[in-house]
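Trainee: After the structure tokens below, expect a handful of questions from me.
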Amino acid sequence: EQTAQVLTGLLGLLESETDRQAASVLVGGVVQLASLPEQTAQVLPGLLGLLESETDGQAASVLVDGVVQLGPSPEQTAQALTGLLGLLESETDGQAASVLVDGVVQLGPSPEQTAQALTGLLGLLESETNRWVASELVGGVVQLASSPEQTAQVLTGLLGLLESETDRQAASVLVGGVVQLASLPEQTAQVLPGLLGLLESETDGQAASV
């Protein structure tokens, strides 16, 4: 009961804390105290809730670190991933997006979690119009795709997005992701026909030069 009360107090202090160092100390206290599954379940929604209204990239980084350090259970990790992906959906700042994507990458170590994170990031890329945020999303996808199956899935997704992309800068970001991922001969064989097909149908000289 006392631990739950202290955790509630620390989360309350974090809500109004604007200094990064002080916030880091408070988050450290929360992580140390929340050693039991029920305590993690108490603080995880609190940290994710604070992230929703956090506009400072450095402060957000402290909160994301706290979420990762809590070592949530598989069910709680799925909840945290859903929360971070939801925040990314409305994020327009590249630095803040980088912090959130980093959290997604760190939380997705198991095949199931990686699959959830990859699907979420690719889905966000479909509607992302901010080049800097898109670049962070592609970076996250590249880091997450560790197995040949995941790489094939991501390459298919990126090529699909390129097919309907009309903005040169956005296309450049997507092509960069494709090039980073296609390191094996079979992966190169997968993407070459797609890229060549896109070049054939590209009438805009600038987009074709990407």
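Trainee: Taking only region 83-121 into account, find how many residues are closer than 20 Å to residue 154 by Cβ, in a helix (DSSP H, G or I) and not aliphatic (A, V, I, L, M).
Mentor: 12
Trainee: Then there is this: Considering each residue of region 122-172, count those that are part of a loop (DSSP other than H, G, I, E, B) and open to solvent by 20 Å² or more (accessible area, probe 1.4 Å), and give that number.
Mentor: Number satisfying all stated conditions: 9.
Trainee: If you don't mind, another one. Consider region 183-210. How many of its residues are in contact with a Ser or Thr (Cβ under 7 Å, 6 or more places away or on another chain) and at pLDDT 80 or above?
Mentor: The number of residues fulfilling the criteria is 1.
Trainee: Okay, moving on. Just wondering, is there one or more residues in region 59-68 that are touching a residue at least 12 places away in the same chain (Cβ under 8 Å) and over 17 Å from residue 106 (Cβ atoms)?
Mentor: Yes, region 59-68 has at least one match.
Trainee: Name the pairs: first residue in region 157-168 and among the small types (Gly, Ala, Ser), second residue buried (at least 19 other Cβ atoms within 10 Å of the Cβ), Cβ to Cβ under 7 Å, at least 6 apart or on different chains?
Mentor: 157/122
Trainee: Here is a follow-up. Considering only region 88-105, I want to know if a residue exists there that is open to solvent by 20 Å² or more (accessible area, probe 1.4 Å), out of contact with any Gly (no Cβ under 7 Å at 6 or more places or on another chain) and among the aliphatic types (A, V, I, L, M).
Mentor: No, because not a single residue in region 88-105 is open to solvent by 20 Å² or more (accessible area, probe 1.4 Å), out of contact with any Gly (no Cβ under 7 Å at 6 or more places or on another chain) and among the aliphatic types (A, V, I, L, M).
Trainee: Among the candidates 76, 42, 21, 58, which residue alone is farther than 30 Å from residue 135 by Cα, part of a helix (DSSP H, G or I) and modelled with pLDDT under 85?
Mentor: 42
Trainee: Of everything in region 1-18, what is open to solvent by 60 Å² or more (accessible area, probe 1.4 Å), in a helix (DSSP H, G or I) and closer than 19 Å to residue 54 by Cα? Give them in sequence order.
Mentor: 8, 13, 15, 16
Trainee: Then there is this: In region 37-47, what residues are open to solvent by less than 80 Å² (accessible area, probe 1.4 Å) and farther than 17 Å from residue 64 by Cβ?
Mentor: Scanning region 37-47 gives 39, 41, 42.
Trainee: When residue 23 is evaluated against the numbered criteria (1) open to solvent by 30 Å² or more (accessible area, probe 1.4 Å); (2) under 25 Å from residue 93 (Cα atoms); (3) of a type outside the set (Phe, Trp, Tyr), which criterion, by number, is the only one it fails?
Mentor: (1)
The values are calculated or read from the model by the stated rules, or taken from the named source; none is laboratory data. None of the values given here were measured: they were computed from a predicted structure. With ideal geometry, Cβ positions are generated from the backbone for all residues, glycine too; neighbour counts draw on all protein chains shown. The accessibility values were calculated without ligands, DNA or RNA, using every heavy atom of the protein model including side chains. Shrake-Rupley method; radii C 1.70, N 1.55, O 1.52, S 1.80 Å.
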